[in-house]
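The values are calculated or read from the model by the stated rules, or taken from the named source; none is laboratory data. Predicted model only: the values in this text are computed from it and were never measured. FYI the Cβ positions are ideal-geometry reconstructions off the backbone, even for glycines, and counts take in every protein chain you see. Note: accessible area is taken over every heavy atom of the protein model, side chains too, but ligands, DNA and RNA are not part of it. Shrake-Rupley method; radii C 1.70, N 1.55, O 1.52, S 1.80 Å.
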Amino acid sequence: MAYIDGFVIAVPTANKQQFIDHAKHFDQMFLEFGATRICECWGDDVPEGKLTDFRRAVQATAEETVAFSWIEWPDKATRDAGMKKIMDDPRVGPDTPMPFDGKRMIFGGFVPVVSLG
């Protein structure tokens, strides 16, 4: 059964191309280490809610756009092994520049319960 990692990030709107370039670089590594599909999405219709919403969840400012991404893995074991390889890879390090504030990223792993199409 597939396993999904999901991410919500506030990205400075001016950094859109940097975000895309960053994603292309790191997404290749996820594929190299076992991911089967990756989707990076730039907020287009992200409304403000009355109680909560994506923007509040990541404390996005008026100068930021919410990005939503997911990584599909064949199973949790492949994901766990792949994530370990990513963290141990010398191409990823504490000095790797990110075009967003990683402290405000929301992420988690999910088991699909309904999958259509």
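Select from the stretch 81-92 the residues that are part of a helix (DSSP H, G or I) and either surrounded by fewer than 14 Cβ atoms within 10 Å (Cβ to Cβ) or of a type in the set (A, V, I, L, M, F, W, C) (or both) and list them in ascending order.
Of everything in the stretch 81-92, those that are part of a helix (DSSP H, G or I) and either surrounded by fewer than 14 Cβ atoms within 10 Å (Cβ to Cβ) or of a type in the set (A, V, I, L, M, F, W, C) (or both) turn out to be ALA81, MET83, LYS84, ILE86, MET87, ASP88.
Is it the case that the stretch 37-53 has a residue that's surrounded by 16 or more Cβ atoms within 10 Å (Cβ to Cβ), free of Cβ contacts under 8 Å to residues at least 60 places away in the same chain and of a type in the set (Gly, Ala, Ser)?
Yes, the stretch 37-53 contains at least one residue that is surrounded by 16 or more Cβ atoms within 10 Å (Cβ to Cβ), free of Cβ contacts under 8 Å to residues at least 60 places away in the same chain and of a type in the set (Gly, Ala, Ser).
Being charged (D, E, K, R), under 19 Å from ILE106 (Cα atoms) and free of Cβ contacts under 8 Å to residues at least 40 places away in the same chain: is that true of ASP5 here?
Taking the combined requirement at face value, the residue does not satisfy it.
Under 6 Å between Cβ atoms, which residue pairs at least 6 apart in sequence (or on different chains) link something in the stretch 103-117 that is farther than 11 Å from ASP5 by Cβ with a partner that is open to solvent by 100 Å² or more (accessible area, probe 1.4 Å) and at pLDDT 95 or above?
Between residues of the stretch 103-117 that are farther than 11 Å from ASP5 by Cβ and residues that are open to solvent by 100 Å² or more (accessible area, probe 1.4 Å) and at pLDDT 95 or above, the close pairs are ARG104/GLN59.
When the residues of the stretch 93-110 are narrowed to those that are assigned to a loop (DSSP other than H, G, I, E, B) and not acidic (Asp, Glu), which ends up surrounded by the fewest Cβ atoms within 10 Å (Cβ to Cβ)?
The selected residue is PRO94.
If I ask for residues that are farther than 18 Å from VAL92 by Cβ and assigned to a helix (DSSP H, G or I), which ones from the stretch 21-55 would you list?
PHE54, ARG55
Considering only residues of the stretch 71-80 that are part of a helix (DSSP H, G or I) and open to solvent by 50 Å² or more (accessible area, probe 1.4 Å), which is farthest from GLY109 (Cα to Cα)?
ALA77
Applying the selection to the stretch 1-20, what residues are open to solvent by 80 Å² or more (accessible area, probe 1.4 Å) and part of a helix (DSSP H, G or I)?
Correct list: ALA14, LYS16, GLN17, GLN18.
Just checking, does the stretch 56-69 include any residue being closer than 14 Å to THR36 by Cβ and outside any loop (DSSP other than H, G, I, E, B)?
No: the stretch 56-69 contains no residue that is closer than 14 Å to THR36 by Cβ and outside any loop (DSSP other than H, G, I, E, B).
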